[in-house]
Amino acid sequence: MKVGVAYGSDVDQARAAMLDIANKEPQVCTNPQPSVRFKLFGASSLDFELRCWVSYPELSGRVTDALNTAVYKEFTRLGIEIPYAKQDIYIKGLPESFSALTSIKQSPPAE
């Protein structure tokens with residue numbers, strides 16, 4: 001399961017929370033033990049991978065749902081931000097025709 005946290009997050013706290021959640025989920029196997037890997041410095045997040053096994057592959061969707069829900073709630077409680085992709089746009093200049101339009105004063109509305 002891939003989980004991204006915001007830059008500036010406490011990576012040890014995030015790792016511990018994910019491991020605790022996986023270890024408490026009854027459908028997750030204890031052998032091999034769940035693990036968390038810090039995989040990547042992403043464009044807008046520190047990317048982790050929570051790795052765990054389930055006894056019955058047909059339950060993997062339900063277990064993923066339970067783990068995702070628990071991680072989201074715990075991160076919210078701990079104040080760990082799960083970022084989303086953001087883009088800032090900087091405009092160096094506008095065409096003259098646009099500048100001329102914005103300088104036209106509008107008449108006050110009629111009463």
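Does the stretch 85-99 contain at least one residue that is among the small types (G, A, S), modelled with pLDDT under 95 and either under 30 Å from Y7 (Cα atoms) or in contact with a His (Cβ under 7 Å, 6 or more places away or on another chain) (or both)? Can you show your working first?
Of all residues in the stretch 85-99, those among the small types (G, A, S) come to 85, 93, 97, 99.
In the following step, the residues that additionally are modelled with pLDDT under 95 were identified as 85, 93, 97, 99.
If we keep only those that are either under 30 Å from Y7 (Cα atoms) or in contact with a His (Cβ under 7 Å, 6 or more places away or on another chain) (or both) as well, we get 85.
Looking for residues that are among the small types (G, A, S), modelled with pLDDT under 95 and either under 30 Å from Y7 (Cα atoms) or in contact with a His (Cβ under 7 Å, 6 or more places away or on another chain) (or both), one finds at least one in the stretch 85-99, hence yes.
Out of all the residues in the stretch 23-40, which are among the hydrophobic types (A, V, I, L, M, F, W, C) and over 18 Å from the mean Cα position of the chain (by Cα)? Passing the criteria: V28, C29.
Filtering the stretch 50-79 to residues that are of a type in the set (D, E, K, R), farther than 20 Å from L40 by Cβ and modelled with pLDDT of 95 or more leaves R62, D65, K73, E74, R77.
The values are calculated or read from the model by the stated rules, or taken from the named source; none is laboratory data. This is a predicted model, so every value here is computed, not measured. Because the Cβ atoms are built from the backbone with ideal geometry, glycine has one as well, and the counts that use them run over all protein chains shown.
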